[in-house]
Amino acid sequence: MDDLIMMGPMPADLTEALGQRFAVARYWEAPDKAAFLADHANTRFMVTDGHTGCSARIMDALPGLELIASYGVGTDAIDLPAAKARGVAVTNTPNVLNDAVAELALGLMLALGRRIVEADRFVRDGCWRAGNFALTSELAGATVGILGLGRIGKEIASRAQAFRMNVVYHGRRPQKDVPFRYYDDLTEMARDVEWLVAAVPGGVQTAGLVDRAVLEALGPQGAIVNVGRGSLIDEAALVELLQAGKLGGAALDVFAAEPDVPDALRAMDNVVLSPHQASATEKTRRAMAYLVFQNLVAGQAGEPLLTPVG
Ligand code: NAP
Ligand code: 8YV
């Protein structure tokens, strides 16, 4: 049996399937990481996820490594240049999670705009008898700016259209055959929209893309939704502007230092918080697990990988 390093816990069905095909070694459980890596230096296969990734340092300790299969589409936690330089292939799980992530993005928008979380608390706490809940705002007729009109961004856009929203977008370049207005300047787009939904990858290139100027441009009537990565947003500026009433609201599935979420965000009613669960439905996680497995099987057999990165 080939060895396989599992960097962190994986779903039970994937763990079981991998266990039937590989001798699985569990990195996260090893008390002495250096000794673990030395013991498995010739391992050819690794499974990791979007949080744990794989650093160049770990790759250096595993000269036999051939394939890193990641359970997730975002690869910002994997040092891709290091993998390329060492001839290590990387796979991820694109497309199979688009629906689930787009659904959560719309769910967060509805929750924030219609104040669904607060309204639930209002009823549970017995406040209703004392008077009606505050008026809220609807999505229909509002403009949403998609930051990152990629696989997931496009699914968010089509759902926003179904809600009768006007869709615009920003990316590094305009796309052909897309019926939405393109903004080459993110701050300018933020000024023109009520909703800004971020669905771009994390990593150094996008760190702090949603900066103070973008959030200020969004303004007191605007709201930010983030299903991309926490690193995209200047979180300190976000907190400060929300507290000062200079930004209308935020609905966040991802955070700069998750699972730690700033107390200030947890204290605000105009903030909806979600524990990085956009892809976490039974159906989607099964499909992601299957793709990870298929990539590893292909790699083991020397066949073309199903979803190589780059
Ligand atoms: P994708 O198809 O590659 O789309 C990414 C989009 O971001 C592209 O349209 C790209 O457009 C744009 N983009 C990239 N760099 C940019 C930059 N510097 N400035 C502006 N736009 C930029 O990726 P995807 O499959 O939709 O996934 C997107 C991300 O969602 C993932 O990388 C991951 O971080 C996140 N995600 C989160 C969850 C969750 O659980 N919350 C689940 C899945 C994915 P241009 O190339 O035209 O710039
Ligand atoms: C997962 C994600 O939460 O695909 C991604 O990029 O962020 C999510 O689908 C993660 O990769 C699983 O750990």
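Residue 98 falls short on exactly one of the conditions (1) within 22 Å of residue 9 (Cα to Cα); (2) of a type outside the set (Val, Ile, Thr); (3) within 16 Å of ligand 2 (Cβ to nearest atom), and that condition is (1).
On the given criteria, is residue 8 surrounded by 13 or more Cβ atoms within 10 Å (Cβ to Cβ), within 23 Å of residue 284 (Cβ to Cβ) and in contact with a Phe, Trp or Tyr (Cβ under 7 Å, 6 or more places away or on another chain)? Against the criterion (surrounded by 13 or more Cβ atoms within 10 Å (Cβ to Cβ), within 23 Å of residue 284 (Cβ to Cβ) and in contact with a Phe, Trp or Tyr (Cβ under 7 Å, 6 or more places away or on another chain)), residue 8 qualifies.
Quick check: is even one residue across segment 287-304 in contact (Cβ under 8 Å) with a residue 40 or more places away in the chain, assigned to a loop (DSSP other than H, G, I, E, B) and either open to solvent by less than 10 Å² (accessible area, probe 1.4 Å) or assigned by TED's automatic domain parsing to the domain that holds residue 196 (or both)? Taking every residue of segment 287-304 in turn, none turns out to be in contact (Cβ under 8 Å) with a residue 40 or more places away in the chain, assigned to a loop (DSSP other than H, G, I, E, B) and either open to solvent by less than 10 Å² (accessible area, probe 1.4 Å) or assigned by TED's automatic domain parsing to the domain that holds residue 196 (or both). Elements of the type helices (runs of 4 or more DSSP H) sitting completely within segment 69-125 and holding at least 1 residues that are open to solvent by 10 Å² or more (accessible area, probe 1.4 Å), in the same structural domain as residue 157 (by TED's automatic domain parsing) and touching a helix residue (DSSP H, G or I) at 6+ places or on another chain (Cβ under 8 Å): these cover 98-113, 116-124.
Only one of the numbered conditions (1) assigned to a strand (DSSP E or B); (2) within 16 Å of ligand 2 (Cβ to nearest atom); (3) open to solvent by 50 Å² or more (accessible area, probe 1.4 Å) is not met by residue 225, and that is (3).
Check whether at least one residue in segment 158-168 is under 20 Å from the mean Cα position of the chain (by Cα), modelled with pLDDT of 95 or more and either surrounded by 15 or more Cβ atoms within 10 Å (Cβ to Cβ) or within 11 Å of ligand 1 (Cβ to nearest atom) (or both), and report yes or no. Yes.
The values are calculated or read from the model by the stated rules, or taken from the named source; none is laboratory data. All figures in this text were calculated on a predicted structure; none of them were measured in a lab. All Cβ positions, glycine included, derive from the backbone under ideal geometry; neighbour counts span all protein chains shown. Note: areas computed on protein heavy atoms with side chains; ligands, DNA, RNA excluded. Shrake-Rupley method; radii C 1.70, N 1.55, O 1.52, S 1.80 Å.
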